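Trainee: Encoded as structure tokens, here's the structure I'll be asking about.
The values are calculated or read from the model by the stated rules, or taken from the named source; none is laboratory data. Since we're looking at a predicted model, the values are computed, not measured. With ideal geometry, Cβ positions are generated from the backbone for all residues, glycine too; neighbour counts draw on all protein chains shown. We work out accessible area using only protein heavy atoms, side chains counted, and drop any ligands, DNA or RNA first. Shrake-Rupley method; radii C 1.70, N 1.55, O 1.52, S 1.80 Å.
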Amino acid sequence: MNRHDNDREAAPIPDLLAQRYRIVSPLGSGGMADVYLAQDERLRRPVAVKVLKARLAADVEFLERFRIEAQAAASLSHPSIVAVYDRGSADGVTYIAMEYVRGQSLKQRIRRDGALPSDEAVTTALAVLSALDAAHAAGLIHRDVTPSNILLSGDGAEEQAALTDFGLVKHLDTAGETRSGAWLGTLAFVAPEALRDDAVDGRADVYALGCVLHRMLTGLVPFDRESDAATITAHLHLSL
């Protein structure tokens, strides 16, 4: 059986991907990929398998950058970074296999509970900051630090934060189209220099984390406006 038979954006995925990953259930879907809970039949452990949308899997330039970035992300080892185990193409789809984090995203947590207690927000931000420090030291810029890409496991004071999706959204703009050479991410969390198409470095990730911290403390995104153009202007002039 192939999944997503009625979804033109999604690549059909077999129940046993690459003769290794047995698909259990969907975990989520975004503009560039679908994510599944799967069982690694070789190592007998649960994993999260991310499958690229068909339109991206057909883009040779994107695939090459994806390959390089996935390899780099797989080299990172940090308690607050979701581990990348494997990447490849099989059965007509391009995928990565990652550590499966039992829990929810920070976005889901905020949608459910609203603003976080200040101590939990600071603890989460510090964990992500530590992850970014490790990534930047390895020469990697995340480019899409958002509540959707911060996963939480555990409960309350015991909750642990982990950053995921290194490099996967680097080549997508806010409208979901490919654009070579541009900073691409989620508009509510993009640094001014990225919006100006200036040279960017790890400080843009730190800016995005600051926006995430604002979201955690208030329940709202900063620079929230009625249009993308107005939001961009607010970021550029730092006008809350």
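Trainee: Could you order ARG67, ARG111 by accessible surface area, starting with the largest, using a probe radius of 1.4 Å? Walk me through the numbers before you get to the answer.
Mentor: Working: ARG67 75, ARG111 175 Å².
I get ARG111, ARG67, largest accessible area first.
Trainee: Right, another one. Quick one: pull the percent of accessible area on the stretch 1-159 belonging to carbon and sulfur, 1.4 Å probe, ligands and nucleic acids left out. Present the calculation step by step, with values, prior to reporting the outcome.
Mentor: On the way: 3830 of 7900 Å².
Looking at the stretch 1-159 in its full context, I get 49 percent from C and S.
Trainee: Spin-label point model (7 Å from Cα, Cβ direction): what's the LEU126 to SER153 distance in nm?
Mentor: With each label point 7 Å from Cα toward Cβ, the separation is 2.1 nm.
Trainee: Given labels modelled 7 Å from the Cα in the Cβ direction, how far is it in nm from TYR85 to GLU64?
Mentor: 3.0 nm
Trainee: Give, in nm to one decimal, the length gained when the segment between GLU99 and ARG225 is fully stretched (0.36 nm per residue of separation minus the Cα-Cα distance). Could you put the intermediate results ahead of the total?
Mentor: Details: separation 126, 0.36 × 126 = 45.36 nm, distance 3.57 nm.
That works out to 41.8 nm of additional length.
Trainee: Would you mind getting the accessible area per residue of the chain, heavy atoms of the protein chains only, 1.4 Å probe, in Å²?
Mentor: Accessible surface, normalised per residue, equals 49 Å².
Trainee: Right, next: Using per-residue counts of other Cβ atoms within 10 Å, averaged over each peptide, order 70-76, 127-133 from highest down.
Mentor: Per-residue mean Cβ counts within 10 Å order the peptides as 127-133, 70-76.
Trainee: Taking the simple approach of a point 7 Å from Cα along Cα-to-Cβ for both ARG111 and ASP133, what is their distance in nm?
Mentor: Each label point is offset 7 Å from its Cα along the Cβ direction, giving 3.2 nm.
Trainee: Using each residue's phi in the stretch 108-113, evaluate 6.51 cos²θ - 1.76 cosθ + 1.60 at θ = phi - 60° and report the 3J(HN,Hα) Karplus result to the nearest Hz, with x for Gly and Pro.
Mentor: Using θ = phi - 60°, the values come out as 5, 4, 5, 4, 7, 10 Hz.
Trainee: Can you give the calculated 222 nm mean residue ellipticity of the chain, where each DSSP H run of n ≥ 4 adds -39,500 (n - 2.57) and the sum is split over every residue, rounded to the nearest 500 deg cm²/dmol?
Mentor: -10000 deg cm²/dmol
Trainee: Same structure, new question: With all protein chains present, calculate the accessible area of LYS107 using a 1.4 Å probe and round the result to the nearest 10 Å².
Mentor: The accessible area comes out at roughly 70 Å².
Trainee: Given (i) 245; (ii) 216; (iii) 129, which label gives volume of the Cα convex hull per residue in Å³ as computed from the coordinates?
Mentor: Of the listed options (i) 245; (ii) 216; (iii) 129, (iii) comes from this structure.
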